[in-house]
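Read through the structure below, which is laid out as structure tokens, and then see the notes.
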Amino acid sequence: MTFAQTVSTKRKLSSRNRADTAFKMLGRGALLLAFCSLLALAIAIFSRTLPALTHHQITLDVAFEPDAFDYQTSAPSGTDASYRLIYANYGQIVGRSLEKAFPEIVDPAEKRALRRLVSPTARMQLRDRVLANPSWIGTKQRVALYVSKGAENILDANEETVDPQLTLWLTQLQDRRALSTTFKSTLFTRGDSREPESAGLLAALVGSLLTIAVSVAISFPVGLLSAVYLEQFATRSRLTDIIEVNINNLAAVPSILFGLLGLAVFINVFHMPRSSPLVGGLTLSLMMLPTIIIASRAALSAVPNALKAGALAVGASPVQAIFHHVVPQAMPGIITGTLLAIAQALGETAPLLLLGMVAFIVDLPSEFTDAATALPVQIYMWAESPETAFSNNAAAAVVVLLCLLLALNSLAMILRSRFQKRI
Amino acid sequence: MNVDPSNALMRDAEAASAEGIPPKMVARSVNVHYGATHALKDVSLDIQGYEVTALIGPSGCGKSTVLRCFNRMNEMFENTQTSGQVTIDGMDIYARDIDVVALRARVGMVFQRPNPFPKSIFDNIAYGPRIHGLAETKEDLEQIVEASLQRAGLWDEVKDRLKQSGTALSDGQQQRLCIARAIAVQPEVILMDEPCSALDPIATGKIEELIEELRTGFTIVIVTHSMQQAARVSQRTAFISRGELGEYGPTVEMFTKPRHERTKDYIMGRYG
């Protein structure tokens, strides 16, 4: 009888196999659970994104009667002809068009209530159209106008108080096929606003990009060079041990403490402008440094020593050996680490709140010292708002943030493959 | 007969100079410490020019350390201390004013495992001449690359694919590429640290032929595990054991009538 055939060995063998199977099932269960939660999250976000990305419009027959354009007769001297077009009584035009659309309504109070169907921005819409086509004056045109916030809430089935009158009118309009949906580009072309329908995330996006640009410009070179020095030049001593422990600890420090540090040092001591991408970027770069240093050191130490020895043996100086051979070889790992740090910084909210980047930004920041906010902070502000339309905007901003991260990852993949191809 | 060991060692070390030609490199009372480990104890060795000197000995005896003393590569390791004197053409290479970079241009090295740079074949060879400014024009550089590859017997195999990565070659070709890389800097001495230990017999044969050819232009010091290889390629052999120079002399004498019992035991394969 061989060893494998003894009873106790067989029993042990089958219990080992059972343990294997159990572990596999456990792993699959965990994966399934993770996948389901991810799916639930994606559904929750995307179902709210759609309303934020669309505008409902009412198509109306609009009569541009000349009397509306003589509303302000005395134009100040020195103004050009477009003054008449700009200051025309568009509110009146909108009101009359609505009344014509609902001829059965006679009660003056109800007539006024009709105006609640369209957005206050409808007047601007009309003005822009007339400025583009001055020949419209005196004619009748079919124009699509944005619906009001209240109507938008009803159409998107948001959980807000519903005006029964508006609901009735909207159903009538729907029956006449006068309602349409368009892509809301304002979300991507405007800064923040008090009105959810004209609020955009471009200002926050630009703020985020400026902030990240500052932080990468600082933390990548500093982190890479620190890692190179610690890994390749510094001799191991008590001091380098202390530095290493501290870097590892810094990576685990809650980000809000970095915000406090930034507030104390950059704003209070150096008097840099509050709320600016410069201060945000500097603070985030401090947060990114440990991640970049740790990842870069790991990548550098994984490069075989033989490569450096080969370069030294043909007479390269240590700096040449490291920067011509070791660093390029470690580059894919360094890029991965840097990207990880960027992704982390891109999603960071807490330190930016302390630095005043939680501002209401309407205009796009164009300089590093302009007041700005960042995408995650914008999401935080919108999500906090009691209006459902704003939290829909927040969901859309989350999707934009995810797309940004996806783009960053693809960029890193391209860079990595380029470095590997060169090798 | 009882011989004073220090006298015997001195005689061994100077075995070469007896012929009247001054040695190319000389090591005198070299001690190397790696941290607390005393790796080399009082080693004195003369390396004769345009000859192949083989260093043999059991694993961990310090023969690679001896080799690395000649181009100061031991300094790559932390906490290394070297004392004693090593000279090349009479110049002390551990002197304060010696530039290690310039020294390594004179004393090239080939390693145990082929370690081509992860760059093209051309760039592998061109790297050394570039950093030392040996070529003024692109044509000069191309000429150096071709000449080095010719010398290493690799030109015919790679001339059509100089742009390809050096790491894509076979192990034997990679090792010859590393030799060509060392030659390209036009050194006077080439140190080889077990250059064939990672290669198959055919590739090993080619490298050995190459070493024989290179002897006409370079001084070669080779560390080897294989006694047969030492016997085939070298003119002089040093036996190193436990960090000390056990015996040094012409290869033929060493393998036919070793003077020390320990050398004899090692050569006969009784230990090591």
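The values are calculated or read from the model by the stated rules, or taken from the named source; none is laboratory data. The model shown is predicted, which means the values in this text are computed figures rather than measured ones. Here Cβ is always computed from backbone atoms with ideal geometry, including for glycine, and neighbour counts include all displayed protein chains. Surface accessibility is based on the protein's heavy atoms, side chains included, excluding ligands, DNA and RNA. Shrake-Rupley method; radii C 1.70, N 1.55, O 1.52, S 1.80 Å.
Details
- Gain on full stretching of the segment that runs from residue A:61 to residue A:113 - 0.36 nm per residue minus C-alpha separation: 16.9 nm
- With the helix formula -39500 (n - 2.57) applied to DSSP H stretches of n ≥ 4, chain B reaches a computed 222 nm mean residue ellipticity of -10500 deg cm²/dmol.
- Comparing the full protein assembly with the isolated chain, the residues of the range B:124-141 losing at least 20 square angstrom of accessible surface (1.4 Å probe) are B:127, B:131.
- Taking amide H positions as modeled 1.01 Å from N, with prolines and chain starts lacking one, the residues under 5 Å from residue B:110 and 5 or more places away or on another chain are B:191, B:192, B:193.
- As computed over the range A:202-422, the Cα convex hull volume per residue (Å³): 131 Å³
- Compared with the dominant Cα axis of chain B, that is its longest principal axis, helix B:201-214 is turned about 90°.
- Backbone N within the range B:56-70 under 16 Å of label point (7 Å from residue B:242 Cα along the Cβ vector): B:57-63
- Relative to one another, the C-alpha centroids of the range B:174-234 and the range B:54-114 are positioned 17 Å apart.
- Helix B:138-151 vs. chain B, principal-axis angle (Cα, 0 to 90°, nearest 10): 50 degrees
- Interface between chains B and A: roughly 1700 Å² of accessible area buried, both sides summed (probe 1.4 Å, protein heavy atoms only).
- Kyte-Doolittle at least 1.6, axis length at least 30 Å by Cα - qualifying DSSP helices, chain A: A:202-228
- Principal-axis analysis of the Cα atoms of chain B puts helix B:121-132 at an angle of about 70° to the longest axis.
- Per residue accessible area in Å² of chain A, where ligands, DNA and RNA are left out and the probe is 1.4 Å: 53 Å²
- Once both labels are positioned 7 Å from their Cα atoms along Cα-to-Cβ, the gap between residue A:183 and residue A:34 label points is 3.5 nm.
- Largest accessible area first, the residues A:97, A:366, B:165 order themselves as A:366, B:165, A:97 under a 1.4 Å probe with ligands, DNA and RNA left out.
- Comparing Cα centroids, the range A:358-386 and the range A:316-336 end up 39 angstrom apart.
- Using a cut-off of 21 Å between Cα atoms, the listed pairs A:308/B:119; A:308/B:41; B:63/B:206; B:63/B:119; A:149/A:184; B:41/B:63 include A:308/B:41; B:63/B:206; B:63/B:119 as exceeding that distance.
- The stretch between residue A:128 and residue A:22, if pulled fully straight at 0.36 nm per residue, gains 31.4 nm over its current Cα-Cα span.
- With a Förster radius of 45 Å applied to the beta-carbon distance between residue B:143 and residue A:245, the computed FRET efficiency rounds to 0.25.
- Once the Cβ-Cβ distance of residue B:265 and residue B:34 is raised to the sixth power relative to R0 = 35 Å, the FRET efficiency obtained is 0.85.
- With all protein chains in place and a 1.4 Å probe, the accessible surface of chain A carries 63 percent carbon and sulfur.
- Taking 15 Å as the cut-off, the amide N atoms of the range A:355-397 that come nearer than this to a point 7 Å along the Cα-to-beta-carbon line of residue A:405 belong to A:375-377, A:379-380, A:395-397.
- Gaussian network model of chain A, springs between alpha carbon atoms under 10 Å - residue of A:137, A:292, A:335 with greatest fluctuation: A:137
- Per atom type, chain B shows carbon and sulfur on 49% of its accessible surface, probed at 1.4 Å.
- Label-to-label distance for residue A:237 and residue A:160 is 6.6 nm, based on points extended 7 Å past Cα in the beta-carbon direction.
- Extension reserve of the residue A:46-residue A:340 stretch, reckoned as 0.36 nm per residue once the Cα distance is removed: 103.4 nm
- Column: log10 I(q)/I(0), Debye, Cα scatterers of the protein assembly as shown, q = 0.07 Å⁻¹: -0.74
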